[in-house]
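As structure tokens, the structure follows; a few thoughts come after it.
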Amino acid sequence: MLKRVDRVQIAVPDRAAAERIAADLFGAELVRRDDLKLLGAKRSTMQAGSSLIELLEPDGAGRIADFVTKFSGGLFGAGFSVEDLEAAAKHFEKAGARFERIGGQLFLDPSATLGLNAVISQHHERAPVGAIKWIYEVTNPVADWRAAADLYAKLFALDASKFSPIESKEFGYSGTLTLFDPPARLDRIEIAQITNYDLAMGRFHRKRGDSLYMFFLETDDVGALETKLKERALRFASHRRDEAGLAEMFIHPTSFLGVLIGVSRTEHAWTWSGDPDRARRAAQKLSAAR
């Protein structure tokens, strides 16, 4: 049922300031400003690449005010697109998953997922803008990745045979990538069960429990983003380089609205997504073209 990781929702204390940060770093463009009373928020929707970033500022009491008070802001929710919104609504009703329908979107009740505040939108193709291509992953640390995979396969009508197992000793977790449409796209929820609570994701899960941890985006030129971060004296970690240059990096939460962001070069994420040969071929092709 899910087609794309369509958007992320970020809780911020000041959406005007957040708009400037998103525009400066990613070349994001403002699409609209409105109110989201369900969450008690003033919302700014910005487009970066072909994905949307919703900046949610508290507007009185509500879930966003509670989130900002508790965590000072950060990654609040994730949005997914579907081809048929009405069919999705009927599926959720049949599955017994509660949701609110507001402004042409379906907001799943928090009880339907494992710390993943999810909003479902009608799919629209968008011409990319700015410095990135799209957001393709959100990471959901959970207590039991197998139970979470079973839940999301049923809730979102996903084909579990397309999921790709993942394990990282470096970052201390194991789990699965719920790939929506491989090999055409990388879009997925990364479900992660902690194996080392002394590392960053483990410390995060110990503090917050099942929740959203970070998101990943893809760009043709990771090096250009690295240069921009250096020029602004923003924190980041260049993670992997190959014959084609910088392939992967992480933007520190202090550099972007309290959110940890992974950045990978086009096709590079197939390295850990079930097709490493595809990633190598892409790197070799890019290197030869330079």
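The values are calculated or read from the model by the stated rules, or taken from the named source; none is laboratory data. This is a predicted model, so every value here is computed, not measured. Every residue, glycine as well, gets a Cβ built from its backbone with ideal geometry; the counts of neighbours run over all protein chains shown. Calculation scope for accessible area: heavy atoms of the full protein, side chains included, ligands and nucleic acids excluded. Shrake-Rupley method; radii C 1.70, N 1.55, O 1.52, S 1.80 Å.
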Selection from the stretch 22-44 of residues that are surrounded by fewer than 19 Cβ atoms within 10 Å (Cβ to Cβ), assigned to a strand (DSSP E or B) and either in contact (Cβ under 8 Å) with a residue 60 or more places away in the chain or of a type outside the set (D, E, K, R) (or both): Glu29, Leu30, Val31, Asp34
Top-ranked residue of the stretch 256-278 - restricted to ones that are hydroxyl-bearing (Ser, Thr, Tyr) and open to solvent by 10 Å² or more (accessible area, probe 1.4 Å), ranked as nearest to the chain's Cα centre (by Cα): Thr266
Residue check for Gly74: touching a residue at least 60 places away in the same chain (Cβ under 8 Å), over 20 Å from the mean Cα position of the chain (by Cα) and on the phi > 0 side of the Ramachandran plot: no
Test set (1) outside any helix (DSSP H, G or I); (2) acidic (Asp, Glu); (3) out of contact with any Asp or Glu (no Cβ under 8 Å at 6 or more places or on another chain); (4) over 16 Å from Asn117 (Cβ atoms) - Glu54 fails condition number: (4)
Test result for Ala127, in contact (Cβ under 8 Å) with a residue 40 or more places away in the chain and open to solvent by 60 Å² or more (accessible area, probe 1.4 Å): yes
Qualifying position, being exposed (fewer than 15 other Cβ atoms within 10 Å of the Cβ), of a type in the set (Gly, Ala, Ser) and either modelled with pLDDT of 95 or more or assigned to a loop (DSSP other than H, G, I, E, B) (or both), among Ala147, Ala157, Ala153: Ala147
Top-ranked residue in the stretch 1-21 [being out of contact with any Phe, Trp or Tyr (no Cβ under 8 Å at 6 or more places or on another chain) and in a helix (DSSP H, G or I); ranked as most open to solvent (accessible area, probe 1.4 Å)]: Arg20
So Leu114, is it touching a helix residue (DSSP H, G or I) at 6+ places or on another chain (Cβ under 7 Å), open to solvent by 10 Å² or more (accessible area, probe 1.4 Å) and within 26 Å of Arg206 (Cα to Cα): yes
Positions within the stretch 175-199 being in contact (Cβ under 8 Å) with a residue 60 or more places away in the chain and either assigned to a helix (DSSP H, G or I) or surrounded by 15 or more Cβ atoms within 10 Å (Cβ to Cβ) (or both), in sequence order: Leu177, Leu179, Phe180, Asp181, Pro182, Leu186, Asp187, Arg188, Ile189
The stretch 200-219 - residue that is small (Gly, Ala, Ser) and either surrounded by fewer than 15 Cβ atoms within 10 Å (Cβ to Cβ) or in contact with an Asp or Glu (Cβ under 7 Å, 6 or more places away or on another chain) (or both) and, of those, nearest to Ala143 (Cα to Cα): Gly209
Qualifying residue in the stretch 232-253 (condition: open to solvent by 50 Å² or more (accessible area, probe 1.4 Å), more than 17 Å from the chain's Cα centre (by Cα), within 24 Å of Pro13 (Cβ to Cβ) and among the aromatic types (Phe, Trp, Tyr)): yes
Cβ-Cβ under 9 Å pairs, at least 6 apart or on other chains, the stretch 143-156 side over 17 Å from Ala118 (Cβ atoms), far side buried (at least 22 other Cβ atoms within 10 Å of the Cβ) and among the hydroxyl-bearing types (Ser, Thr, Tyr): Trp145/Tyr173; Trp145/Thr176; Arg146/Thr176
Count of the stretch 197-213 residues which are in contact with a Leu (Cβ under 6 Å, 6 or more places away or on another chain) and either farther than 16 Å from Asn117 by Cα or among the charged types (D, E, K, R) (or both): 1
